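K.L.:
A single structure is presented below for examination.
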Amino acid sequence: MTFDYDLFVIGGGSGGVRAGRVAAANGAKVALAEEFRMGGTCVIRGCVPKKLMVFASGYSEMFEDARSYGWDLDDGDFDWSRFRRKLDAELERLEGIYRKLLKGSNVEIFDARATVKDAHTVTLSTGQDITAKHILVATGGRPVVPDMPGAELGITSNEIFNLEELPKSILIVGGGYIASEFAGILNGLGVKVTQFYRGAQILRGFDDEARGLVAEGMRAKGVDLHLGTNVVEMRAATEDDLKGVDGGTLMDGGKPAPMPGKAAGHGIWVKATNGNEQVYDQVMFATGRAPNTDGMGLESLGVALGRKGEIVVDEYSQTKVPSIYAIGDVTDRVQLTPVAIREGMAFVETVFKGNPTPVDHELIPSAVFTQPELGTVGLTEEQAAEQGPIEVYCSSFKPMNHSFAGREDRVLMKLIVCADTRKVLGCHIVSDHAGELIQLVGIAVKMGATKEDFDRTVAVHPTMAEELVTMKEPVRTA
Ligand code: NDP
């Protein structure tokens, strides 16, 4: 049987683009369909614009610190529309690069939605049917909003980058990566931020001590974080709700929050589980993401979907239908860009290079770009203690740059060590540039470094990270 293509990729995000390019470079005839903008969540409405906003938001503190260091600076205002124009231009530039890379690799691009018709056929939204020997589904995920009265008034991370104006106040719902990162970003940009998290501490799944310090740091910087709290209902605020609301809670002149398709009216009235009622300019839900499998035609073909709608795949990213593979967030394994890229590379290695390559999901370093930032690799203290005897090495201190600037922020450097093998099982860092630091520690941990390997390494002085090689005694064992 002959096919139009060797590979048809559905989804132009990080994973799909990489897999398509590399397969084409290996001689495969490849096509890729994307219904929105090339680059996917990471480039268009995720990691990239988020990190640029993290940078933008960090300047408010930098200006304060600069004055402590002797610089004579006036207070400046942040111009959201100027930043947004630059951000839009940058994302357009990056999208252009993605397209160019695909075209340069001879991948044919279809700017259309694609669904799967049968094991070897996709149907485009233009009505065209295309056949391929292999189909790779890399459609990513989307934010989900809880089912509650008035939830449609809120926004998600999809809309946050397109706001015409920054709100004066915002309620962020959720305690995961996205909620906690945006709480810091918007706080740094001068928005009055309230965050509700339904559980006992934000960043569930991360090391307890680290998440505690992040939460403490966020509060110290001005985020009004409420734990054990959720939204019960919301509605457009009425004139009565607005009476007595302090001027800072509403936008200038009580103007409607200008979100396309969102009837924000004169602010949003929110009732919390603790009975509190408050009006916010904007409410942002960061309450998790769902895989984009709706209406794809997958289940009827025999492709198994999990409880959240994620595509069930084996270690080679193959679905129950042998010609159909899936990578990235749509499989809900580890929702991180570099993981999707690796899954794409392993797929090409397996299918187009005859070298079956399982994806290694062990010891993935990652960072949460909260303020303060969190970098982590390996097991948390709590996870490690369940597996066997451990030693915990931990140092928490005020670094010299913060101390000189008169800031209270402390950093945390923490190593979890297996008492038997001496291997470093986990490392958790809360500090400026923790993401950069954990990338490097991740290499050592992935190589199986022991505590003694860390100790043999000479300290780089004066740095914060030197603590990682100078912690002599465990603070506790478990
Ligand atoms: P997360 O799963 O990390 O967080 C979802 C949050 O919403 C949790 O705090 C959860 O609470 C809460 N929640 C879920 N349902 C409700 C509800 N009905 N009412 C109130 N709260 C609710 O998802 P995110 O959307 O923040 O991020 C998705 C993924 O994207 C992450 O897992 C991560 O892999 C990736 N990501 C990575 C980043 C990075 O690498 N820096 C940055 C951003 C995203 P509970 O804990 O109780 O379940």
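K.L.:
Looking at region 346-361, which of the residues that are surrounded by fewer than 19 Cβ atoms within 10 Å (Cβ to Cβ) and in contact (Cβ under 8 Å) with a residue 40 or more places away in the chain is farthest from Glu408 (Cα to Cα)?
P.N.:
Lys353
K.L.:
Still on this structure, please answer the following. How many residues does region 173-221 contain that are of a type in the set (Val, Ile, Thr), within 9 Å of the ligand (Cβ to nearest atom) and open to solvent by less than 10 Å² (accessible area, probe 1.4 Å)? Before you say what the answer is, go through the steps one by one.
P.N.:
Quick first cut of region 173-221, residues of a type in the set (Val, Ile, Thr) only: 173, 178, 185, 191, 193-194, 202, 214.
From the residues that got through so far, the ones that are within 9 Å of the ligand (Cβ to nearest atom) too are 173, 178, 202.
Narrowing the set further to residues that are open to solvent by less than 10 Å² (accessible area, probe 1.4 Å) leaves 173, 202.
So the answer is 2.
K.L.:
Kindly indicate whether Thr123 is hydroxyl-bearing (Ser, Thr, Tyr), away from the ligand (no atom under 16 Å from the Cβ) and out of contact with any Pro (no Cβ under 8 Å at 6 or more places or on another chain). Spell out the reasoning first.
P.N.:
Details: hydroxyl-bearing (Ser, Thr, Tyr): yes; away from the ligand (no atom under 16 Å from the Cβ): yes; out of contact with any Pro (no Cβ under 8 Å at 6 or more places or on another chain): yes.
Yes; evaluated as a whole, the condition is true for this residue.
K.L.:
Now, a different point. May I ask you to verify whether Leu374 is hydrophobic (A, V, I, L, M, F, W, C), buried (at least 19 other Cβ atoms within 10 Å of the Cβ) and either modelled with pLDDT of 95 or more or within 16 Å of the ligand (Cβ to nearest atom) (or both)? If you could, list the steps in order and put the result at the bottom.
P.N.:
Working: hydrophobic (A, V, I, L, M, F, W, C): yes; buried (at least 19 other Cβ atoms within 10 Å of the Cβ): yes; either modelled with pLDDT of 95 or more or within 16 Å of the ligand (Cβ to nearest atom) (or both): yes.
Yes.
K.L.:
Against the condition free of Cβ contacts under 8 Å to residues at least 12 places away in the same chain, of a type outside the set (Phe, Trp, Tyr) and closer than 29 Å to Ala286 by Cβ, how does Ile97 come out, does it pass? Before the answer, list the steps.
P.N.:
On the way: free of Cβ contacts under 8 Å to residues at least 12 places away in the same chain: yes; of a type outside the set (Phe, Trp, Tyr): yes; closer than 29 Å to Ala286 by Cβ: yes.
For Ile97, the condition - free of Cβ contacts under 8 Å to residues at least 12 places away in the same chain, of a type outside the set (Phe, Trp, Tyr) and closer than 29 Å to Ala286 by Cβ - is met.
K.L.:
Go through region 383-416 and give me each residue that's open to solvent by 30 Å² or more (accessible area, probe 1.4 Å) and within 23 Å of the chain's Cα centre (by Cα).
P.N.:
Gln383
Residues are listed down the side, and each one gets a yes or a no for (1) within 20 Å of Ala286 (Cβ to Cβ); (2) in contact with a Ser or Thr (Cβ under 9 Å, 6 or more places away or on another chain):
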{"residue": "Phe3", "(1), (2)": "no, yes"}
{"residue": "Val17", "(1), (2)": "no, no"}
{"residue": "Ala31", "(1), (2)": "no, no"}
{"residue": "Gly40", "(1), (2)": "yes, yes"}
{"residue": "Arg45", "(1), (2)": "yes, yes"}
{"residue": "Pro49", "(1), (2)": "yes, no"}
{"residue": "Arg67", "(1), (2)": "no, no"}
{"residue": "Asp74", "(1), (2)": "no, no"}
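The values are calculated or read from the model by the stated rules, or taken from the named source; none is laboratory data. Fair warning: this is a prediction, and the values are worked out from it, not measured in the lab. Note that each Cβ is placed from the backbone with ideal geometry, even for glycine, and that neighbours are counted across all protein chains shown. The accessibility values were calculated without ligands, DNA or RNA, using every heavy atom of the protein model including side chains. Shrake-Rupley method; radii C 1.70, N 1.55, O 1.52, S 1.80 Å.
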